[in-house]
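The next block holds one structure in the form of structure tokens; read it before the comments.
The values are calculated or read from the model by the stated rules, or taken from the named source; none is laboratory data. What you see is a predicted model; the values in this text were computed from it and never measured. Cβ coordinates were reconstructed from backbone atoms using ideal geometry, including for glycine residues, and neighbour counts include every protein chain displayed. Ligands, DNA and RNA are stripped out before the accessible areas are found, and what is left, the full protein with its side chains, is counted by its heavy atoms. Shrake-Rupley method; radii C 1.70, N 1.55, O 1.52, S 1.80 Å.
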Amino acid sequence: MTLTRNQPINPIPQTRNQKTQSQSSSSSSSRSGMKLIVPLQGVVQGRSGFLLGISIPCALFYFLQLYLKRRRPNPNPSSPSSSSSPTLLLPRTSSRSNLSSRGSISRVRLSKLATILSKPDDSLYYLGLDRVSKDPYDVLVNPHGIIQLGLSDNKLCFDLIEKWLVKNLEGSMMGNGDINLSINGIVPYQPHHGLNELKIALADFMRQIMGGSVEFDPSNMVLTSGATPAIEILSFCLADQGNAFLVPTPYYPGFDRDIRWRPGIDLIPVHCRSTDNFNLNIAALEQAYSQARKRGVKVRGILISNPSNPVGNILTPDMLFSLLDFAEDKNIHIIADEVFAGSTYGSEEFVSIAEVLDSEYIDKSRVHIIYSLSKDLSIAGFRVGVIHSYNQAVLEAAKKMSRFSSISAPTQRLVTSMLSDKRFIQEYIETNRNRIRRIHDEFVDCLNKLGIKCAKSSAGMFCWADMSGLIKPYSEKGEHELWEKFINVAKINITPGSACHCIEPGWFRICFTTISFEEIPLVIERIRKVVESCKSSS
């Protein structure tokens, strides 16, 4: 049967004359064609042939699909038949076919923050850490690798930590019938802002570290997974995006990430000079604050590291009082990073800003202290940090935000047990200070013999070395070229001053607690190669 192409189906009812004309005009059509058209026309006009009008098109469509399927070429003639293959080939739907025929699709969009963070690092501090991770020094496995002197990691007392863990690990987590040390005390959910037992133990440890001269209230604490989230949470609490903190330079390179990345807060450098051993002065603070206000920037606080990272000097009580007066006059906050409070070795005595607050009436609500166990207790991998604030609104906000940076319950139980071991803690504090003092004195003396002078310091795990005489030209470019020589020639990683926003080129932070006392000659010999090459080329 064939369909008549010359006779369209008219959806509008025809008059008798129109029907007669239509029949006469199609007299040349075959008789079979008329039999197909008349039932279809009857369906449209509401007369007869309803079943036949539906079944004929459906049957034609079915046979057409069967015909096309049999004539379709096999795309993979060598593949086994469907009866022998256990895998079913799902047909591609029309919607998927439409997608594939659309041409090129642009790359899916990311947030502005992700776009920025996905770009390569431009800080030599992080570039150095990355270079070490790809070629780390090991006395047996990789003796010609890069020695890590760019990370303030204290490895001098790992033996003491290991000894305690071997002896007390199981009991501190599970033993002695204490419900808090059973499986029920470490597996269920715990408060995000920290267990009260750990807060009490931390408050006592901080009191010991700071010479017993100041008390810390556990109720004023919020625990976080390290000092990094503690600083970030405080930034969210104290300032809005686009606001700024004043920061004395040189400062720890990580502050740029901690405060700028997610909180979106700017850091305004307060430049300190080598002529004053990079000590802070109020005149420089006033100048930086005034310039920021002229640019329309709202300054919300001062961020200080005491002891200083990277210089290693300590703020005097008089300077702390001046800072508090300045903050009160400008109605801004003070964030005091005191993570190196117990890592002292010099003649200067460390004084916490909390001790100054107790000495006379001062508005405590604007003062916030950051501390962690990464430095003074050498357990950076445990990720234990603390916010100590006298501002109840800040504490309540920080407790809610700590859900994004809480410490695991097993870690909290373990550290609580360690800090509660008074005999161990006292032995550790004394041994750690003696070992830091010994390796600092030896390392700085060896640098002096090479003609490299260091800034006067009393705390920290690093020395602030002046290598300005080795750079040519005397600029940031010359400093970068010297850093490349240390990485490629000496195979040691140190932190250039430009990464710490130092205004004077040629200063480098060298962390000496990442090596043993016995490895000092090896490091000094590698530094000697760079010094001699620079002198010979000049």
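Could you tell me whether residue 496 is more than 22 Å from residue 517 (Cβ to Cβ) and open to solvent by less than 10 Å² (accessible area, probe 1.4 Å)?
When the stated conditions are applied, residue 496 passes them.
In the set (1) at pLDDT 90 or above; (2) open to solvent by less than 90 Å² (accessible area, probe 1.4 Å); (3) assigned to a loop (DSSP other than H, G, I, E, B), the condition left unmet by residue 81 is number (1). When restricted to residues that are more than 28 Å from residue 170 (Cα to Cα) and assigned to a loop (DSSP other than H, G, I, E, B), the stretch 388-441 contains 2.
Annotation note: of 338, 328, the sole residue that is of a type in the set (Asp, Glu) and surrounded by 15 or more Cβ atoms within 10 Å (Cβ to Cβ) is 338. Filter the stretch 500-511 down to the residues that are open to solvent by less than 10 Å² (accessible area, probe 1.4 Å) and either aliphatic (A, V, I, L, M) or over 27 Å from the mean Cα position of the chain (by Cα) (or both) and list them by number. 506, 510, listed by residue number. Looking only at the stretch 117-138, filter to residues that are touching a residue at least 12 places away in the same chain (Cβ under 8 Å) and among the aliphatic types (A, V, I, L, M); which one of those is farthest from residue 522 (Cα to Cα)? Taking the candidates together, the pick is 117.
Among the listed residues 535, 485, which satisfies the condition of being within 27 Å of residue 121 (Cβ to Cβ), in a helix (DSSP H, G or I) and of a type outside the set (Val, Ile, Thr)? Walk me through it before giving the result.
On the way: 535 fails: within 27 Å of residue 121 (Cβ to Cβ).
Result: 485 is the single residue among 535, 485 that is within 27 Å of residue 121 (Cβ to Cβ), in a helix (DSSP H, G or I) and of a type outside the set (Val, Ile, Thr).
Screening residue 472 against (1) surrounded by fewer than 17 Cβ atoms within 10 Å (Cβ to Cβ); (2) among the basic types (Lys, Arg); (3) in a helix (DSSP H, G or I) leaves a single unmet condition, (3).
This table checks each residue for (1) open to solvent by less than 20 Å² (accessible area, probe 1.4 Å); (2) touching a residue at least 24 places away in the same chain (Cβ under 8 Å); (3) within 29 Å of residue 190 (Cα to Cα).
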{"site": "401", "(1), (2), (3)": "no, yes, yes"}
{"site": "409", "(1), (2), (3)": "yes, yes, yes"}
{"site": "415", "(1), (2), (3)": "yes, yes, yes"}
{"site": "419", "(1), (2), (3)": "yes, yes, yes"}
{"site": "423", "(1), (2), (3)": "no, no, yes"}
{"site": "429", "(1), (2), (3)": "yes, yes, no"}
{"site": "432", "(1), (2), (3)": "yes, yes, no"}
{"site": "437", "(1), (2), (3)": "no, yes, no"}
{"site": "444", "(1), (2), (3)": "no, no, no"}
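Applying the selection to the stretch 306-325, what residues are surrounded by fewer than 23 Cβ atoms within 10 Å (Cβ to Cβ) and among the small types (Gly, Ala, Ser)? Scanning the stretch 306-325 gives a single hit, 322. Residues in the stretch 192-209 that are more than 19 Å from residue 358 (Cβ to Cβ) and either assigned by TED's automatic domain parsing to the domain that holds residue 359 or open to solvent by less than 60 Å² (accessible area, probe 1.4 Å) (or both): 193, 194, 195, 198, 199, 201. Give the stretch 218-252 a look and list any residue that's in a helix (DSSP H, G or I) and of a type in the set (Val, Ile, Thr), or say none. Passing the criteria: 228, 231, 233.
Residue by residue, here is whether (1) part of a loop (DSSP other than H, G, I, E, B); (2) over 17 Å from residue 390 (Cα atoms); (3) not assigned by TED's automatic domain parsing to the domain that holds residue 499; (4) not basic (Lys, Arg) holds:
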position	(1), (2), (3), (4)
308	yes, yes, no, yes
312	yes, yes, no, yes
315	yes, yes, no, yes
322	no, yes, no, yes
329	no, yes, no, yes
336	no, no, no, yes
347	yes, yes, no, yes
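For the stretch 131-160, filtering for residues that are touching a Lys or Arg at 6+ places or on another chain (Cβ under 8 Å) and buried (at least 17 other Cβ atoms within 10 Å of the Cβ) leaves 8. In this structure, residue 514 does not satisfy being open to solvent by 10 Å² or more (accessible area, probe 1.4 Å), of a type outside the set (Asp, Glu) and more than 31 Å from the chain's Cα centre (by Cα).
Determine whether residue 487 is among the β-branched types (Val, Ile, Thr), over 25 Å from residue 434 (Cα atoms) and open to solvent by less than 10 Å² (accessible area, probe 1.4 Å). Answer is yes for this residue.
Restricting attention to the stretch 243-272, the residues that are buried (at least 23 other Cβ atoms within 10 Å of the Cβ), in contact with a His (Cβ under 9 Å, 6 or more places away or on another chain) and either closer than 30 Å to residue 197 by Cα or of a type in the set (Asp, Glu) (or both) total 0.
Scanning the stretch 210-242 for residues that are surrounded by 19 or more Cβ atoms within 10 Å (Cβ to Cβ), under 15 Å from residue 258 (Cα atoms) and either without any contact (Cβ under 8 Å) to a residue 24 or more places away in the chain or polar (S, T, N, Q) (or both) yields 224, 225, 228, 235.
Of all the listed residues (297, 367), the sole one being buried (at least 22 other Cβ atoms within 10 Å of the Cβ) and over 29 Å from residue 150 (Cβ atoms) is 367.
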